[in-house]
Structures are given as structure tokens and as C-alpha cells.
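Below you'll find the structure, written out as C-alpha cells, and then a few comments.
The values are calculated or read from the model by the stated rules, or taken from the named source; none is laboratory data. Predicted model, so just to flag it, every value in this text is computed and none were measured. All Cβ positions, glycine included, derive from the backbone under ideal geometry; neighbour counts span all protein chains shown.
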């Protein structure tokens, strides 16, 4: 009995220690900042949001309509410039380097990402007639938050999820992630506040975001406002290579 009690105490201690480690180091497990790169011939702006200076790539400056792009967790948005320029030739594009990413100051974090997105929108709104918003993976949560708080022409979500908590609980089912996760990125809770048309593009073989988490987010929007597209044979990091990807984006933004 004493041996069993000692074993249980050891296992409990190890479990608690694992929970504490997850809590303490969660930002290192969630965020993967990318390095700054040079893009000769591409303009950028440093936008002071009051908490950080955000480096934003600017493509096709001076257009009446704009699109703000929030990339994935480990995505260097500098490498999306050419593709997005080809897909959205009639808009000024703003590709956002999150705080702590790609030449932006500050430390990554969900609350900070949201703050910077709103501040950036408020800075850009007087310069454009309309602004659409696009987010990929973790950027879908930032885009959804922005669209729920500001007037948005259209909202595009690539490989999105309902909430970071829901995804984390599937990844770590034995841990109480509700007590551990600080940044919930709860897009599903924001859906009812969004009136803009929404396009969701999902990967058939997404190895990062469980399909049910994407479907759960889709169900949070009304049928009238949502267009849902599943690209066959694609994964989380390669669906942009699908031949229909650019066409779907272009048709949605221009209709």
C-alpha cells in the first residue's frame, strides 16, 4: 500500500509539473516568430500602434480598395507578396508582420495581435473606400477579431479554427487546457458580430487544424453570409498551391 501511494504521489507530481511547464512555456509552443527579410522594390510602413511598431508590407499603393493580410504562425508574409499581388491586382495590400515577427517590435501574444490589428485598421481606414480582411491559420483569428470590431467589406479565412482552446484540448487531451491556455483566439465566439460576407478555404488533409475545428467555425456563421470551400488533396501548409486557390480568392473578392 505504501508503495502504491508513493507511486501515485510521484505520478501526480509529474502531472502537475507537466501542467506548470505547459503554462509557463506555452508562448514558445504557440508562437514561432520569423526573421526580417529585405524585399527590394516593395514598400513598407512602420505603424506605431501605441504598444509596438509593426512592419507592414505595402503592395499596389494608392488603390481605393484595400486588403489587410494576417499570415500563419510561422509564415513569413514577405514571401506572399508576389502571389497576393497577382490574385488581388486591384487593391492596395497590407501584409502584417505581427509584433515580434519580421522586423516588428514587441513580444508575440494574442491580446497584442488584436490591439495592433485594430490600430492598423484605424490608421488605414481614412485612406481607402473599403477594406477587406484575410487571415491564414492563426491569422484567421486576428482577422475574425478585427472584422467583429470594425466595418469590413469581406472576410477571408484560410485553414481557420474555432478556438485555440478547442484545438489545444484535442492535442493534449489529458491536460486541463482551459486552465492553461492564456490566449484563446476564440473566433467562433466572434462570428455572430460579423456582418460581412465570409469565405472559408479549408485543406482536405490538414495535419495542423483538425477538420472538425474548421467546420465548427463555419457553423458559427449564417448560411447566407458563408461560402465554404474544401480543396482536395491539400494540407495545412500547401493548399495555396492548389490550382483553384487563387481563382476562389479572386472570384470572392470581386463579386
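Selection of first residues in segment 216-231 that are in contact (Cβ under 8 Å) with a residue 12 or more places away in the chain and of second residues that are in a helix (DSSP H, G or I), restricted to Cβ pairs under 6 Å at least 6 apart or on distinct chains, gives the following pairs, ordered by first then second residue: 217/188; 220/188; 220/191; 221/191; 228/218; 229/248; 231/239. Among the residues of segment 218-231, is any modelled with pLDDT of 95 or more, touching a helix residue (DSSP H, G or I) at 6+ places or on another chain (Cβ under 6 Å) and within 23 Å of residue 111 (Cβ to Cβ)? Taking every residue of segment 218-231 in turn, at least one turns out to be modelled with pLDDT of 95 or more, touching a helix residue (DSSP H, G or I) at 6+ places or on another chain (Cβ under 6 Å) and within 23 Å of residue 111 (Cβ to Cβ).
Residue under question is residue 165, and the condition is that it be closer than 29 Å to residue 129 by Cβ and either part of a helix (DSSP H, G or I) or free of Cβ contacts under 8 Å to residues at least 60 places away in the same chain (or both); does it hold? Taking the combined requirement at face value, the residue does not satisfy it.
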